[in-house]
Each structure stands twice: as C-alpha cells, then as structure tokens.
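S.K.: The structure is given below, and queries will be raised subsequently.
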Amino acid sequence: MNGFLKNKDLLAGLMFIVIGIIFWVGASNYQMGSAARMGPGWFPSVLGGIMTFLGVLIAGIGLKNQATWAQTEGIGWTWKPVVILTIAVVLFGAVLQPLGMVFAIILLTFISGIAAHDKDYKQLAVITVTMCLLCAGVFVWGLKLQMKLFPWS
Amino acid sequence: MDLINNLSLGFGVALTFTNLLYAFIGCLLGTLIGVLPGIGPVATIAMLLPTTYALPPVSALIMLAGIYYGAQYGGSTTAILVNLPGESSSVVTALDGYQMARQGRAGAALGIAAIGSFIAGSFSTLLVAAFAPPLSEAALKFGPADYFSLMVLGLIAAIVLAHGSVLKAIAMIILGVVMGLVGTDVNSGVARYSFDVPELTDGIGFVGVAMGIFGIGEILINLEKGESREVFTAKVGKLMPTAQDFKDTWGAITRGTLLGSVLGILPGGGALLASFASYSFEKKWAGKDADPPFGKGNIRGVAAPESANNAGAQTSFIPLLTLGIPPNAVMALMVGAMTIHNFQPGPQVITSNPQLFWGLIASMWVGNAMLVVLNLPLIGMWVQLLKIPYRLLYPMILVFCCIGVYTVNNTTFDVWIIAAFGVIGYIFAKLECEAAPLLLGFILGPMMEENLRRALLLSRGSPSVFYERPISAVMLFLSVVLLIILALPAIRKKRDETFVED
C-alpha cells in the first residue's frame, strides 16, 4: 500500500478524477440546453468529463510505472508548516475585522513564525513591529483603505 | 507619421510628473519585492496590486507595468547574487550570472543585465507601438468562434512551457477553466458550484488564487527545503561593464532582443520561453570554444537571456492589448488587475481610449529607463535585502499577501481563500502539477465559455463555424499541430531536456 502513496502520477490522476467527477456530476444540477442555446450546465459538464478522462489516463500511466515509483523516496509530505501557516492565515482573516490590523499582524507573524527551522522570537518581534508600522503607513494612512488599526479605533 | 504622433501622445501622458512618479514607485516596489528570493512576478504583482487601487486608471496601469518590470529585474538580481531565481524566467540567468558573481564579477553581470534589458526594452516598445494598431484593427474582424479558437491555441501553447507531464498540464488547464466558471453564470443567472456559500456566487477571486498558490504555496515548499543560501555580498565589484564586455555582448544582446521579441508575441510565450530559447541559442551560436565556457561565467550567457526576457515581457503585451487575450500567467494577472480598474483590454481600447493605450506603451519605455537608473545605484540596498534570513522573510510575505488580498473586496472570505489555495498549491507542487497553466485557464475560462456560446448561437448549434471561418480554422489547425508535436517522443525528450538543462 505504501508503494502506491509514493506514486505522484497515480495520486495526481486520482485527484483529477475526483474533481472531474464533482464538476461533471455537479453540472447535472444545471440546465444543459442544446449546443445552439447552451445552458449553464453544458460547458462544465463537458470539461468535467474531459478532466475525468485525463485523470484516468494519468493514473493509468502511474500504475504502469508503479514498480519505478516504489523505488523512489516517496513524496515526503511535511504537513507541520502547512497546518501552522493555514491556522495563522485563517486566524488573521477572522481577527482582522473585529480586532483590527495590529492584532491580526501580531497573530500572523508569531504563529507562522513557529514553522521556521531556526526560530528567533526577538527578531520576529522586530519584524512584527516593522510590518505593523509599514502596513499602517502604506494602507491605512497612505492609501486610506478601510481598515481599523485597533479594536477601539 | 502616425507612429510618431501616437508615441508623442503617449509620452505626453507618461511624462507628466505624477505618472513618472507612479512609474518610479512601481519599479521600486516591484524590484523590492521581486528581489526577495522565492517570489516571482505573479506573486509580486498580486501582492502589490492594492497599492494601485486609489489611483486613476491610467496611473494605476502605468504603475502596474512598472511593478512588472521591477519584479522581472529583481528576479534577475536574485538569480545572479544568490543563485536562487525568484521566477522561472531567470533560471538561465543564474547559470552564468552566479558563476560570474563567484568570480567577483557580480557587478558586471548586474550591469550588463540592466543595460541589455534596457536596449531590449527600448526596441520592443517600438515594436509594440508599431504592431499594436494594425493588429487591433485586424482583431475587430475576429468573431466569437475565432476568439474561442485563439484561446484554445493559447492554452495549448501554455502546455509547451509547463514542466513535466503534458497530460497533467492539460488537466491543470481544464481545472483552471472550470474553477473560473464557479459563481453566477452571466447568461442564466444560475449560481454554479457555489455550494450555497454566498461569497462564492461572485466567483473565486483571481488575486486569492494567484497569491494562495504562488505566494503561500511557494512558502510552504521553501520551508520544507530548509535554508541553503549563499549570498555573494563581499564584493559586488564595478557595476559598469568594461569595454571588452560590451564588445563581447553586443551581438548577444541583439540576438536576444530579436528572439525575445518574436517569442513574446506568440500565444503561450513571454519572458520564460524567450529567456530559455535565447540562452540555448546563444550557447549554440558561441560553439564549443566559448571562453569562458557557458555555465562557467560567460557574460553572454547573462546578456542574451536577460535581453530576451525583457523583450518578451514587453511584446507579450501585444496580444493582451490588441486581442484582450493574455498569453501567459503574468498577463492573465494583468487582465485581472485591469478589470479591477474597470478597464477591459481588447481591440476597442486603442480607439476608445487612445490616451491610456499610448500612455501605457510610452510608460513601458519610461519603466525600462527607470530600471537602469534605479537599480544600478540601489544595488547595495538589494544586497542588504537578500541578507534577510528566510525565517523572517516569510512572515513578512504572509502579511503582505493577507492584507493585499483582503483589500481587494474588504472581505474576510478572500483571506480564507488564500489559506485554502496555499494548501492546494502545496499539494500541486508535491504531485508535480504545475500551476501556471491553471492560472491562465482560470482567467480565460469565462471568456471561452462566453465566446463558445455566442459562436454556437450564431451558427444555430453547428460546430462547422469553427472550421469554416478561416481565422478560426488556422488557430485550431495550429493547436492540433502543436499537440501532435508535443506527443512525438523525440520532441518530448527535447522538451524535458530543456527544462532540466544544466
């Protein structure tokens, strides 16, 4: 089983098959229409079909070369930075409107900073302050975009 | 002389104090962000887009063009000094440029890159000015079927440039096209694939997709690799190339400029194709007895691709401005940016808004001149920037991405979109599915559907319209030829070699 998880073509093919089917099947919720009077479902259903077909081809090629793939080191997913950065960005979005830009930036830089191999919180603090000043200067004071700096402003 | 009249109209717009200022700021910011390792022009433009919001459309476009050139040039600087090309079009510059830097000639490499770019930029600006008007006129004869076929050709040409598997590249393009269809359908008002999420009925924002995949996705890949950078800051050396350098490179610059200009116009072309092609061409031209050999610090290996990529970057505006069709991912982003400023590129612009059109073209030249003036004296500052360790750099990039995408619509949802596409971009990269074709498909998708619909409506559902109209037939014929060529084993091997070369 592990051998199959090393197979980038197989996995990519499966990904395209799944997405293709979602669009293909999803298109049946919308009117197909005829070629002359194309409904909203026509184009996505055709494309979903083609994508599924391509996915099958890609996965097939992957299966054919399975022996070679099994020899490789594997894909080497490293999920830790992915999870950390995703949390950081999602929190930034959630906090920006209620708490303002400064808190959002602090959260973003410090949480995302955890993902580095060589952490240095002092330098990170310097960067955070710089970014807050820079963004406030450019976006809020300079370009006058609608963004509050603090919860109370 | 129409050309001179038009250009003087353009320079009248571009040389006003405010527009010069915006071109300057654009170049400066573009270089500033573009010089950071691991950030290409797509991410740079996406990140800096909000800085143009408050400007009137002409100034905004001029500034965007400045950002683009700056990003392009910043990428070359990084390639030469750190051997870490921020974008694929500087990959070949790194080959000889970095070697020159190791030999203490970083200054000369940077200097010749700037000068070559400027010469190439000046020539290709003239080319754009000369070819845009007749092409715009020709484009007015294009019917929906022709547009559709042209876009098919453009997308297939994009596959030539994608790394790795052809099948994966096609699948990525189609994925981009269907993603572009998410949201309310213009014709029927049906919200497609919005899964009852109200924000999705407006479609997925292209800035979010671009920043997610090319900004955050890149960071994730870089974090995984860990840091291995070696900056040659000790001695940049004299910036002005010697007389001998000029003598050695003028031929390379000329060839690079010509080749780059031609390749930039082709659908699917642009800076990337231009720099790769001109490097291999120059290497062949020099033959085996090049001294020093290519890849070992030959200055012509810097001059040729740098001139070519700038010329290509410039001329790839031609299909965008005349047909409204972006030939590559960067131009796709420019379309998105222009739409935000209520400006729809296409053949009508040249007549309906000549000031904007010619102003933009003139500012291309201004931007190029600015780069020489700006980069050479500021090189010390860029070197300092390159010393910032990645552990501090990526939180900064994240802040720019998040705030940048938020300011497009002032919605939290867009921030979450980049989080999602960051993960998606990471998965794509891990599975060796290249994302640039996806972005192009994403922008072209809705346009393709619209033109397909119109074409078939006019022909009462008969597909014959696609092969009976001569323009459309030629485009489709070329697409088929391209696909067949791609499928040929010999060519495929050659293509793989080009991308892994050296």
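The values are calculated or read from the model by the stated rules, or taken from the named source; none is laboratory data. All figures in this text were calculated on a predicted structure; none of them were measured in a lab. Note: ideal-geometry Cβ built from the backbone for every residue, glycine included; neighbour counts use all protein chains shown. With ligands, DNA and RNA removed, areas are computed over all heavy atoms of the protein, side chains included. Shrake-Rupley method; radii C 1.70, N 1.55, O 1.52, S 1.80 Å.
S.K.: Answer yes or no: is there a residue in region B:405-417 that is assigned to a helix (DSSP H, G or I), surrounded by fewer than 19 Cβ atoms within 10 Å (Cβ to Cβ), more than 10 Å from chain A (Cβ to nearest Cβ) and modelled with pLDDT under 90.
M.R.: Checked against the condition, which is being assigned to a helix (DSSP H, G or I), surrounded by fewer than 19 Cβ atoms within 10 Å (Cβ to Cβ), more than 10 Å from chain A (Cβ to nearest Cβ) and modelled with pLDDT under 90, region B:405-417 yields at least one hit.
S.K.: Ok, one more. Can you find even one residue in region B:134-151 that is open to solvent by less than 40 Å² (accessible area, probe 1.4 Å), aliphatic (A, V, I, L, M), at pLDDT below 80 and within 28 Å of residue B:346 (Cβ to Cβ)?
M.R.: No, the conditions are met nowhere in region B:134-151.
S.K.: Show the residue pairs meeting these rules: Cβ distance below 8 Å; 6+ apart or different chains; first residue within region B:181-201 and closer than 13 Å to residue A:29 by Cα; second residue among the β-branched types (Val, Ile, Thr) and in a loop (DSSP other than H, G, I, E, B).
M.R.: Within 8 Å, the pairs are B:192/B:182; B:193/B:182; B:194/B:182.
S.K.: Let me ask something else about it. Quickly run through region B:186-206 and pick out the residues that are over 17 Å from residue B:336 (Cα atoms) and surrounded by 22 or more Cβ atoms within 10 Å (Cβ to Cβ).
M.R.: If the condition is that a residue be over 17 Å from residue B:336 (Cα atoms) and surrounded by 22 or more Cβ atoms within 10 Å (Cβ to Cβ), then B:192 is the only one that fits.
S.K.: One residue is enough: does region A:49-67 have a residue meeting the conditions more than 7 Å from chain B (Cβ to nearest Cβ), in contact (Cβ under 8 Å) with a residue 40 or more places away in the chain and open to solvent by less than 20 Å² (accessible area, probe 1.4 Å)?
M.R.: Taking every residue of region A:49-67 in turn, at least one turns out to be more than 7 Å from chain B (Cβ to nearest Cβ), in contact (Cβ under 8 Å) with a residue 40 or more places away in the chain and open to solvent by less than 20 Å² (accessible area, probe 1.4 Å).
S.K.: Going through region B:418-436 one residue at a time, which ones are of a type in the set (D, E, K, R) and assigned to a helix (DSSP H, G or I)?
M.R.: Result: B:430, single match.
S.K.: Right, something else. Of the conditions (1) over 23 Å from the mean Cα position of the chain (by Cα); (2) within 14 Å of another protein chain (Cβ to nearest Cβ); (3) closer than 20 Å to residue B:41 by Cα, residue B:387 fails just one. Which one is it?
M.R.: Single failed check for residue B:387: (3).
S.K.: Touching a residue at least 12 places away in the same chain (Cβ under 8 Å), of a type in the set (Lys, Arg) and either more than 7 Å from chain B (Cβ to nearest Cβ) or under 26 Å from residue B:417 (Cβ atoms) (or both), is that true of residue A:122?
M.R.: no
S.K.: Take region A:31-48 and flag every residue that is of a type outside the set (S, T, N, Q) and open to solvent by less than 40 Å² (accessible area, probe 1.4 Å).
M.R.: A:35, A:36, A:38, A:39, A:40, A:41, A:43, A:44, A:47, A:48
S.K.: Now for a different question. For region A:85-105, which positions are more than 8 Å from every other protein chain (Cβ to nearest Cβ), over 17 Å from residue B:419 (Cα atoms) and aliphatic (A, V, I, L, M)?
M.R.: Across region A:85-105, the qualifying residues are A:99, A:102.
S.K.: Follow-up. Could you list all residues from region B:300-341 that are open to solvent by 10 Å² or more (accessible area, probe 1.4 Å) and either under 18 Å from residue B:256 (Cβ atoms) or in contact with a strand residue (DSSP E or B) (Cβ under 7 Å, 6 or more places away or on another chain) (or both)?
M.R.: Once the filter is applied, which keeps residues that are open to solvent by 10 Å² or more (accessible area, probe 1.4 Å) and either under 18 Å from residue B:256 (Cβ atoms) or in contact with a strand residue (DSSP E or B) (Cβ under 7 Å, 6 or more places away or on another chain) (or both), region B:300-341 yields only B:300.
S.K.: Restricting attention to region B:344-401, report how many residues are of a type in the set (Lys, Arg) and outside any helix (DSSP H, G or I).
M.R.: 1
S.K.: Oh, and also: Starting from residues that are more than 9 Å from chain B (Cβ to nearest Cβ) and under 30 Å from residue A:63 (Cα atoms), keep the ones in region A:14-28 and report whichever is most open to solvent (accessible area, probe 1.4 Å).
M.R.: The qualifying residue most open to solvent (accessible area, probe 1.4 Å) is A:24.
S.K.: Residues in region B:87-104 that are modelled with pLDDT under 80 and aromatic (Phe, Trp, Tyr): how many?
M.R.: Within region B:87-104, residues that are modelled with pLDDT under 80 and aromatic (Phe, Trp, Tyr) number 0.
S.K.: Of all residues in region B:450-469, which are more than 12 Å from chain A (Cβ to nearest Cβ) and either open to solvent by less than 90 Å² (accessible area, probe 1.4 Å) or at pLDDT 90 or above (or both)?
M.R.: Answer for region B:450-469, where residues must be more than 12 Å from chain A (Cβ to nearest Cβ) and either open to solvent by less than 90 Å² (accessible area, probe 1.4 Å) or at pLDDT 90 or above (or both): just B:469.
S.K.: Does region A:38-48 contain any residue that is in a helix (DSSP H, G or I), more than 9 Å from chain B (Cβ to nearest Cβ) and touching a residue at least 24 places away in the same chain (Cβ under 8 Å)?
M.R.: No: region A:38-48 contains no residue that is in a helix (DSSP H, G or I), more than 9 Å from chain B (Cβ to nearest Cβ) and touching a residue at least 24 places away in the same chain (Cβ under 8 Å).
S.K.: Filtering region A:71-96 down to residues that are closer than 24 Å to residue A:138 by Cα and touching a Ser or Thr at 6+ places or on another chain (Cβ under 6 Å), which residue is modelled with the highest pLDDT?
M.R.: A:88
S.K.: Follow-up. Can you confirm whether region B:428-440 contains a residue that is surrounded by 23 or more Cβ atoms within 10 Å (Cβ to Cβ) and within 29 Å of residue A:129 (Cβ to Cβ)?
M.R.: Scanning region B:428-440, I find no residue that is surrounded by 23 or more Cβ atoms within 10 Å (Cβ to Cβ) and within 29 Å of residue A:129 (Cβ to Cβ), so the answer is no.
S.K.: Further question on the same structure: Of the conditions (1) part of a helix (DSSP H, G or I); (2) within 10 Å of another protein chain (Cβ to nearest Cβ); (3) within 28 Å of residue B:463 (Cα to Cα), residue A:31 satisfies every one except a single condition; which number is it?
M.R.: Looking at each condition in turn, residue A:31 falls short on (1).
S.K.: Tally up the residues in region A:131-153 that are open to solvent by 70 Å² or more (accessible area, probe 1.4 Å) and within 10 Å of chain B (Cβ to nearest Cβ), please.
M.R.: Adding up the residues that qualify gives 3.
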